[in-house]
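The values are calculated or read from the model by the stated rules, or taken from the named source; none is laboratory data. What you see is a predicted model, and the numbers here were worked out from it, not measured in a lab. Please note: Cβ atoms are built from the backbone with ideal geometry, for glycine as well, and neighbour counts cover all protein chains shown.
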Amino acid sequence: MILDRSSLDAFNERHVAEHRKRYEFTRSLLPGAEAVVEKLMAFNVAIPSWALGTGGTRFGRFSGAGEPGTLEQKLDDVGLLHAINASSGAVSLHIPWDIPKDYAAIRRQAADLGIGFDAVNSNTFQDQTGQALSYKFGSLQNVNRAIRKQAIDHNIEVIRHGVELGSKSLTVWLSDGSCFPGQLNFRKAFGNTLEGLHEIYAALPDDWKVFVEYKAFEPNFYSMTVGDWGQSLLYANKLGSKAYTLVDLGHHLPNANIEQIVALLLMEGKLGGFHFNDSKYGDDDLTAGSMRPYQLFLIFNELVEGMDARGMNHATDLGWMIDASHNVKDPLEDLLQSVEALMLAYAQALCVDRSALEAAQANNDTVAAQELLQDVFRTDLRPLLAEARLRAGAALHPVKYYRDADIRGGLIRERGSNTVATGL
Ligand SMILES: [Mn+2]
């Protein structure tokens, strides 16, 4: 389904007068507003292919209607999102759920929709139909060399698919670990995993990166073999300059100071990218910004400060990806909300008065530092996001437009009511 431009233009026309008022007011408060709008226009967040259908809880799945049943339909959905918000210009694929049958056709379709391919993801946390050996007791960490080899070969196959599509990075998330004390020799598990990652690393093209994603617990509940940012950083440092740590917001122990983790990884030049989501308890996979928007802002505040300190390009030097799954929302509405929350946190971080904050820090003026951050956080910057979208030909209000134009209704008419997307 391709977006009907005339309906989008008509929608914007109905809302543009109100927008102008809000934008002019916001601009009057912020001398740097124009520069922020330009940065927002350059910024994109990659959509994970597995978030386009209704996901599920650990217990069940309640599929929605009009979900994408094929890779082509998933790309169409990302194209729709990008047309609506002009900030979803990439997709992150998952192998084996998204193996292309015709690379050239998929590349053409993506180019027509204006979307690129962000990191490709491997899967050694499930056994696939027909798979020779089981990952029940882990993949790269496994005590059985043949199982480790199978996992290595799979990752190398994922790289090959990515190369064909023009992706430049591989994300490795391992569910490896143990559920009971004594089950695993930690040192041997680390060694096996490192050895496997070395072989995968050796298969990376020169201009590729590998992201080592960590997770504190689940599905293993006693130890995880890549359990936190320290362990991920150990692997990344031992692997070499193409290896980086990937931070998934939902993969920490409760109350972890993620913004501090981000700052230090950036300082070390080892932050590769993000999986954005939100959570209240653990790996809840909720809409970004739905629970802890202030934490999200603080993370972006460190990102902007740390990237600027290293002269990095905000839009292109890190992998910006969403990793979420939804049970009760229309997945496309959820993704529009997530992208909006990320853009807003980014805009807020761009508006922090850096020199005033530095001065407050140098004077141990805790109160002034808090005032500076919270002043930005409590300033409504949504008109800057709307302005960036308007200039890019996208919708002033993404979710409102999505509903107004009955996009889901169109997808259901095209695909039917009983479609189930591959994925989680
Ligand atoms: Mn993730």
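Matching residues to (1) over 20 Å from the mean Cα position of the chain (by Cα); (2) at pLDDT 95 or above; (3) not hydrophobic (A, V, I, L, M, F, W, C):
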{"position": "Gly196", "(1), (2), (3)": "yes, yes, yes"}
{"position": "Glu199", "(1), (2), (3)": "yes, yes, yes"}
{"position": "Ala202", "(1), (2), (3)": "yes, yes, no"}
{"position": "Lys209", "(1), (2), (3)": "no, yes, yes"}
{"position": "Glu213", "(1), (2), (3)": "no, yes, yes"}
{"position": "Glu218", "(1), (2), (3)": "no, yes, yes"}
{"position": "Thr225", "(1), (2), (3)": "yes, yes, yes"}
{"position": "Tyr244", "(1), (2), (3)": "no, yes, yes"}
{"position": "Asp248", "(1), (2), (3)": "no, yes, yes"}
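With a cut-off of at least 1 residues that are within 16 Å of the ligand (Cβ to nearest atom), name the helices (runs of 4 or more DSSP H) lying wholly within segment 161-278.
Working: elements: 186-202, 229-239, 258-267.
The qualifying helices (runs of 4 or more DSSP H) are 229-239, 258-267.
Mind listing just one residue for me: the one in segment 267-282 that is surrounded by fewer than 21 Cβ atoms within 10 Å (Cβ to Cβ) and of a type outside the set (D, E, K, R) and, of those, nearest to Leu170 (Cα to Cα)?
Keep residues of segment 267-282 that are surrounded by fewer than 21 Cβ atoms within 10 Å (Cβ to Cβ), which gives 267-270, 279-282.
From what is left, the residues that are of a type outside the set (D, E, K, R) are 267, 269, 279, 281-282.
Working: Met267: 22, Gly269: 18, Ser279: 25, Tyr281: 28, Gly282: 24 Å.
Only one residue fits best here, namely Gly269.
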- Item | Hits in segment 282-292 (condition: within 16 Å of the ligand (Cβ to nearest atom) and in a loop (DSSP other than H, G, I, E, B)) | Gly282, Asp283, Asp284, Asp285, Thr287, Ala288
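Confirm whether Tyr346 is among the hydroxyl-bearing types (Ser, Thr, Tyr), over 26 Å from Phe211 (Cα atoms) and within 22 Å of the chain's Cα centre (by Cα).
Numbers: among the hydroxyl-bearing types (Ser, Thr, Tyr): yes; over 26 Å from Phe211 (Cα atoms): no; within 22 Å of the chain's Cα centre (by Cα): yes.
So Tyr346 fails the test.
Listed here are the residues, each with its yes/no results for (1) in contact with a helix residue (DSSP H, G or I) (Cβ under 7 Å, 6 or more places away or on another chain); (2) part of a loop (DSSP other than H, G, I, E, B); (3) under 21 Å from Phe117 (Cβ atoms); (4) β-branched (Val, Ile, Thr).
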{"site": "Thr26", "(1), (2), (3), (4)": "yes, no, no, yes"}
{"site": "Glu34", "(1), (2), (3), (4)": "no, no, no, no"}
{"site": "Glu38", "(1), (2), (3), (4)": "no, no, no, no"}
{"site": "Leu75", "(1), (2), (3), (4)": "yes, no, yes, no"}
{"site": "His82", "(1), (2), (3), (4)": "yes, no, yes, no"}
- Please name all residue pairs, on different chains or six or more residues apart, with Cβ atoms under 7 Å, provided the first residue is in segment 245-258 and is among the small types (Gly, Ala, Ser) and the second residue is at pLDDT 95 or above and within 16 Å of the ligand (Cβ to nearest atom). Gly250/Asn277; Gly250/Ser279
- From the option list Leu71, Leu93, single residue qualifying as closer than 23 Å to Glu213 by Cβ, in contact (Cβ under 8 Å) with a residue 24 or more places away in the chain and under 16 Å from the mean Cα position of the chain (by Cα) is Leu93
